[in-house]
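Remarks on the structure that follows.
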């Protein structure tokens, strides 16, 4: 029997198959390893781009990102750390004012409310401002004088209102919060104003359930007037999220030297609703909040629409009307004019109010901001129509009165002309009669004079005749 060297791959049954299997597993393992390396590199790349690495938010002391009204927490950091919230305090002040049921109150501004540091709306002592407008000023423009005016009006004093703030915070479950003033000051007599990201999330989720708060928190500007003098206020938001992130719908910014840059922001996209609470951000809070929203809303790189093309749900921003909308508005205006001409302003106004009421019944409380703006514009156009109709009616009345006065004046002028003509025709006859009378008088006088002269001449003749009959005797007796 000869010695042979057997190669497993050549002579042993199944040897070639086992070798191929080993090579296959080796290649698979190498591929998985390469894929793992690639994923790690990709993760590092995403982190360097600020998309999926939480390390980019290390400059923020505390943050909390979650879906609104859900237990789904997207990311968080030190959410129970007590820090100063700055003007985020005004969220509690505003929701307390709204829930008081006194939003239509007329608030008289006190001197104490005006003696606060900026930011201020510019309120003056004695100004009369509706409480609703003060809440808008506090939320939109972060006006400290408006926040203090709210507190003094509702609580009687700042101290009393602050006690109510702390009681309300505890009732909401804000167990790690302590407020010292209604505006968010954290130095001097107001030191100790503290809360946490978790407590602010609890407060915000409660507040946005209120339709009026939700509508105010979405505003980018607010205009109102002082009730006594009509002095106008024009206030704008400090929230630049409206400019940098297309799905932003509010809510509040804050800043003090101690608190740093703070933000409560909300974004809505395709039924996803995300809230961000950020406290003491030392970097770009707008950019970081935008990245947080992208992750929370599931937006990948390049998927975010430009800000100008975004549809902001209930943002309250007016958008230019399309040509079709302009045509519809003109048609509605024409119908209103016909209605006013045919039935009078009262019936037209009643129809407009009925149409408006039916429209409101058909809408939900959280209808879009564009719809509300369209309604406001339509109402303004109708008011302008009514005003123009009143002007036309007044002008017609003035024209009619002017025509009547002109007619009466013309009649008077004609009467005076007739009277003058009669007088003018009578005066020459009278003058002629007068001249004739004077002539007759002169003739009678002359006749009378002539008669007197004849009589005198007759007497003298008779005397001469008598003397001649007497003769010389008469002449002698006369001489002796």
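Every number in this text was worked out from the coordinates using simple rules, so none of it is lab data. These figures come from a predicted structure and were not determined experimentally. For neighbour counting, all protein chains shown are included, and Cβ atoms are generated from backbone atoms with ideal geometry for every residue, glycine included.
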Open item on the list: Roughly how far apart, in whole Å, are the Cα centres of the range 141-170 and the range 220-234?
Closed with: 22
TODO: Obtain the nm distance between the two label points defined at residue 257 and residue 225 by a simple spin-label model: each point lies 7 Å from its Cα along the Cα-to-C-beta direction.
DONE: 4.1
Open item on the list: Can you tell me the length gained on complete extension of the stretch residue 232 to residue 157, counting 0.36 nm per residue apart and subtracting the Cα distance?
Closed with: 24.3 nm
Task: Theoretical FRET efficiency, 1/(1+(r/R0)^6), r = Cβ-Cβ of residue 167 and residue 303, R0 60 Å, to 0.05 - done: 0.85
Task: Stretchable slack from residue 125 to residue 284, in nm (0.36 nm times residue separation minus alpha-carbon distance) - done: 53.4 nm
Open item on the list: Based on Cα coordinates alone, diagonalise the gyration tensor for the range 138-177, multiply each eigenvalue by 5, take square roots, and list the semi-axes in whole Å, largest first.
Closed with: 20, 14, 7
Open item on the list: Could you order the peptides 195-203, 237-245, 249-257 from most to least packed, using the average number of other C-beta atoms within 10 Å per residue?
Closed with: 195-203, 249-257, 237-245
TODO: Between residue 295 and residue 210, with labels modelled 7 Å along Cα→Cβ, what's the label distance in nm to one decimal, could you check?
DONE: 3.2
Task: Two-site FRET efficiency, residue 373 against residue 111, from Cβ-Cβ distance with R₀ of 30 Å, rounded to 0.05 - done: 0.20
- [ ] Could you work out the mean projected area of the convex hull around the alpha carbons of the range 75-263, in square nanometres to one decimal?
- [x] 10.3
- [ ] Quote to one decimal, in nm, the extra length available between residue 73 and residue 414 on full extension: 0.36 nm per residue of separation minus the C-alpha distance between them.
- [x] 113.3 nm
Task: Peptides 71-77, 122-128 ordered by average Cβ neighbours within 10 Å, highest first - done: 122-128, 71-77
